[in-house]
Amino acid sequence: MNRALFSEYRSMYSSAREHPTVIRIRIRMRDLVDPDCMRDAVDTTMKRYPYFCVELKVGENNLWEYADNDRPVVITHSLSGVELNSEASNYHLISFSYQDNWIIMDVSHALTDGTGAYEVVRTFLYYYCSQRYHAAISPDGVRLAGDVIAQEEWDDPMEKATDLPTPPRPELPAAINPVIDAHQKGDFERTVYSVAIDEKEFMRFNIQNDGSPATMIALLFSRAMARLYPDRKDAIRVALALNQRGGLDTPLAHQSLVGGVFLEYKDAIKDWTIERQATAYRGMVFVQTMKKNVLAGVASMKGVNQMLMSKTSDQERLAIVDAMGEVTDRLITATVSYVGKAGFKESEDYIRDFRLWTSAAGNTLLIEVSAVGGRFTIDFLQSFSSPLYVNAFLAELEDNGVKYDLQDVMKTELPNIRYPWAE
C-alpha cells in the first residue's frame, strides 16, 4: 500500500547535487570490515524498519508517495557510496558502503533525521558486532527484527498534529554569515574539520560552567565570532537543532522532526564570565523548548509543507524553498546539531571513530556533534575551506583550558539523491 508524504516536502525540495539533503554516518571499526557479516546485519536490520524500505512514486495531483521496495538495500565496497533514489541504490533512499575498517550509512534527510538514523545504526551495530566479534551485546533499548512495530513509528505526527498555536512572526535583525564572506572571496571548496574532545573532560567543563554540550559549543563558537568581528553591526545568532518529538509526545516517530532554537550573542553579555553566559544561553534554550513554543515551530513547518503540497509543479515548490533558504542565510550565523549520547552499548568497544555529516539548512555553516566511545567529535561542515572560524573556536577551547585533538581535515563528500529537479 502506498503512503502519502507530508513532512518530507521541504527537505526534498531543498536537495541539490551540490547541497544534497543526505545524512552520512561514518563509523571506523576496530578491525577490517567483514562483508558477509555486514550483508547479514544490513538485511536483518532492514526487516525492523519497513518504513525505510521504500521508493518514491508520483501519485494523484502530482503529490509524492512512498511505495514498498522489496529490493535489497545496496552495500558497496567504497567510501563514496551510491546515488540514492536511483538504479544504483535499487531506488532506495538508504544505502550502506564500506572500505577497510570504515562503515558508512547514507540516508535521505527527508526520510528521517539524526535521531531516526541513530536507531538504525544502533540496530545494525547490534547485529554486526554480535556476529563479527561473537559479542554479548545487551538488546535493551535496541529495536530488533521480529519486534511488534507500534503504529506511532509509522504515523507522521506533524501531519496529524491539530490545535497548534499560531507561530509568532518575530522581526529578527540580520546575522553574520561566514559562508557569504568565504564565497565572496572565491572559496567554494566543501570541507569538514573534525575535532575530538574527551567526554569526561568536556562534561566536567560543562558542569563547572553551568553548560550542556550543544549549548556550550554554540556559546564557544559565538565567542569566537565575536573575537573575529569586534566591530560587527550584524548579529551573531546560532541555531540549535531541536528534536520536536518531545513537544509532539511522539518519541517513537521515525520522520525528520527537527526544529530550531535561536541563541543570540548580544553585546549585553559579551563582558560576562563564561559561566554566566552559559547560564543565559541555557535560559534561552529553556524558554524556546517549552511545549507551546515547540508546537508553534511545528505549526510553522506544517504550514510550509501544506503550502508546498498545494503547488502543482516542481518549479513552484523549488522557488518557495529557495526563497526560504535565502531568509535562513540572512538570519543564521551557524547551526549546531547534537542528537545526544549515542548509547550504542557494548558495540562502542569496537568503534574507533564516529562522524555524522549532512548539509546545513540554507547556505550556512553546520557544526555536528557526536558522542560515541568516550569522546565528543565536533565536525565543522563548511561549503568553503578556510580554517578561520575553526581556528577561532579552537582558540576559545585553549583559553578555557579544554584539551582537544584536531583529527583531520577532509573534503566533504555526500551522495546525491536523484530527484527529477536535482539532476
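The values are calculated or read from the model by the stated rules, or taken from the named source; none is laboratory data. This structure is a prediction, so every number in the text was calculated from the model and none was measured. Please note: Cβ atoms are built from the backbone with ideal geometry, for glycine as well, and neighbour counts cover all protein chains shown. All accessible areas refer to the heavy atoms of the entire protein, side chains included, with ligands and DNA or RNA removed. Shrake-Rupley method; radii C 1.70, N 1.55, O 1.52, S 1.80 Å.
Exactly one condition in (1) farther than 21 Å from Pro178 by Cβ; (2) open to solvent by 10 Å² or more (accessible area, probe 1.4 Å); (3) not in a loop (DSSP other than H, G, I, E, B) is not met by Asn391; state its number.
(1)
Please go through the range 183-196 and give me each residue that is open to solvent by less than 10 Å² (accessible area, probe 1.4 Å) and in contact with a helix residue (DSSP H, G or I) (Cβ under 8 Å, 6 or more places away or on another chain), ordered by number.
Result: Val195, single match.
All but one of (1) closer than 30 Å to Met290 by Cβ; (2) open to solvent by 10 Å² or more (accessible area, probe 1.4 Å); (3) modelled with pLDDT of 95 or more hold for Val148; which doesn't?
Condition (1) is where Val148 drops out.
If Leu164 satisfies all but one of (1) within 22 Å of the chain's Cα centre (by Cα); (2) open to solvent by less than 70 Å² (accessible area, probe 1.4 Å), what's the number of the condition it fails?
The number of the failed condition is (1).
Restricting the search to the range 135-189, which residues are of a type in the set (A, V, I, L, M) and over 30 Å from Gly362 (Cβ atoms)?
Residues of the range 135-189 that are of a type in the set (A, V, I, L, M), as a first pass: 135-137, 142, 144-145, 148-150, 158, 161, 164, 172, 174-176, 179-180, 182.
Matches in the range 135-189: Ala135, Ala136, Ile137, Val142, Leu144, Ala145, Val148, Ile149, Ala150.
Which one is surrounded by the fewest Cβ atoms within 10 Å (Cβ to Cβ), of the residues in the range 252-270 that are of a type outside the set (D, E, K, R) and over 17 Å from the mean Cα position of the chain (by Cα)? Steps first, answer last, please.
Within the range 252-270, the subset of a type outside the set (D, E, K, R) is 252-263, 265, 268-269.
Checking the rest, the ones that are also over 17 Å from the mean Cα position of the chain (by Cα) come to 252, 263, 265, 268-269.
Working: Leu252: 16, Leu263: 24, Tyr265: 24, Ala268: 8, Ile269: 17.
Only one residue fits best here, namely Ala268.
Does Val409 satisfy being of a type in the set (A, V, I, L, M) and open to solvent by 60 Å² or more (accessible area, probe 1.4 Å)? Break it down stepwise before answering.
Working: of a type in the set (A, V, I, L, M): yes; open to solvent by 60 Å² or more (accessible area, probe 1.4 Å): yes.
For Val409, the condition - of a type in the set (A, V, I, L, M) and open to solvent by 60 Å² or more (accessible area, probe 1.4 Å) - is met.
Just need a number here: residues in the range 167-182 that are open to solvent by 50 Å² or more (accessible area, probe 1.4 Å), touching a residue at least 40 places away in the same chain (Cβ under 8 Å) and in a loop (DSSP other than H, G, I, E, B). So that I can check it myself, show each step before the final result.
In the first step, residues of the range 167-182 are kept if they are open to solvent by 50 Å² or more (accessible area, probe 1.4 Å); the result is 168-173, 180.
Filter once more, keeping what is touching a residue at least 40 places away in the same chain (Cβ under 8 Å): 168, 172-173, 180.
The next check asks that each one be in a loop (DSSP other than H, G, I, E, B); those that pass are 168, 172-173.
Matching residues across the range 167-182 total 3.
Just to be sure before I move on: is Val73 touching a strand residue (DSSP E or B) at 6+ places or on another chain (Cβ under 7 Å), open to solvent by less than 10 Å² (accessible area, probe 1.4 Å), within 26 Å of Tyr419 (Cα to Cα) and in a loop (DSSP other than H, G, I, E, B) in the structure I sent?
Values: touching a strand residue (DSSP E or B) at 6+ places or on another chain (Cβ under 7 Å): yes; open to solvent by less than 10 Å² (accessible area, probe 1.4 Å): yes; within 26 Å of Tyr419 (Cα to Cα): yes; in a loop (DSSP other than H, G, I, E, B): yes.
Judged against the criteria, Val73 is a match.
I'd like the full set of residues that are within 21 Å of Gly116 (Cα to Cα) and not aliphatic (A, V, I, L, M), limited to the range 65-92.
To start, the set of residues in the range 65-92 that are within 21 Å of Gly116 (Cα to Cα) comprises 65-70, 72-75, 81-85, 89, 91-92.
Hits for the range 65-92 are Glu65, Tyr66, Asp68, Asn69, Asp70, Pro72, Gly81, Glu83, Asn85, Ser89, Tyr91, His92.
Would you please name the residue that is least open to solvent (accessible area, probe 1.4 Å), looking only at residues in the range 39-69 that are of a type in the set (A, V, I, L, M) and at pLDDT below 95?
Taking the candidates together, the pick is Leu63.
Would you please list the contacts, defined by Cβ atoms under 9 Å and residues six or more apart or on different chains, that run from a residue in the range 1-28 that is in a loop (DSSP other than H, G, I, E, B) to a residue that is aliphatic (A, V, I, L, M) and at pLDDT below 95?
So the pair list comes out as Leu5/Leu63; Ser15/Ala422; Arg17/Ala422; Pro20/Ala422.
Taking the range 235-251 on its own, how many of its residues are in a loop (DSSP other than H, G, I, E, B) and surrounded by 13 or more Cβ atoms within 10 Å (Cβ to Cβ)?
As a first pass, look at the range 235-251 and keep what is in a loop (DSSP other than H, G, I, E, B): 236, 244, 249-251.
Add one more test, that the residue is surrounded by 13 or more Cβ atoms within 10 Å (Cβ to Cβ), and what stays is 236, 244, 250.
Of the residues in the range 235-251, 3 are in a loop (DSSP other than H, G, I, E, B) and surrounded by 13 or more Cβ atoms within 10 Å (Cβ to Cβ).
In this structure, does Arg232 turn out to be among the charged types (D, E, K, R), assigned to a helix (DSSP H, G or I) and touching a helix residue (DSSP H, G or I) at 6+ places or on another chain (Cβ under 9 Å)? Walk me through how you get there before you give the answer.
Working: among the charged types (D, E, K, R): yes; assigned to a helix (DSSP H, G or I): no; touching a helix residue (DSSP H, G or I) at 6+ places or on another chain (Cβ under 9 Å): yes.
When the stated conditions are applied, Arg232 does not pass them.
Here are Gly340, Gly297, Gly303: which of them is of a type in the set (Gly, Ala, Ser), under 26 Å from Gly247 (Cβ atoms) and surrounded by 18 or more Cβ atoms within 10 Å (Cβ to Cβ)?
Details: Gly340 fails: surrounded by 18 or more Cβ atoms within 10 Å (Cβ to Cβ); Gly303 fails: surrounded by 18 or more Cβ atoms within 10 Å (Cβ to Cβ).
Within the list Gly340, Gly297, Gly303, the selection yields Gly297.
I'm checking my understanding of the structure. Among residues of the range 308-323 that are within 22 Å of Asn363 (Cα to Cα) and touching a helix residue (DSSP H, G or I) at 6+ places or on another chain (Cβ under 7 Å), which one is surrounded by the fewest Cβ atoms within 10 Å (Cβ to Cβ)? Walk me through it before giving the result.
Of all residues in the range 308-323, those within 22 Å of Asn363 (Cα to Cα) come to 308, 314-323.
Filter once more, so that each one left must be touching a helix residue (DSSP H, G or I) at 6+ places or on another chain (Cβ under 7 Å): 308, 314, 317-318, 320-321.
Details: Leu308: 20, Asp314: 15, Arg317: 21, Leu318: 18, Ile320: 17, Val321: 20.
Going through the qualifying residues, I end up with Asp314.
Among the residues of the range 197-234 satisfying the criterion of being open to solvent by 10 Å² or more (accessible area, probe 1.4 Å) and of a type in the set (Gly, Ala, Ser), which is farthest from Ile27 (Cα to Cα)?
Among them, the one singled out is Ala226.
Report, by residue number, each residue of the range 83-95 that is surrounded by fewer than 21 Cβ atoms within 10 Å (Cβ to Cβ) and more than 30 Å from Met307 (Cβ to Cβ).
Glu87, Ala88, Asn90
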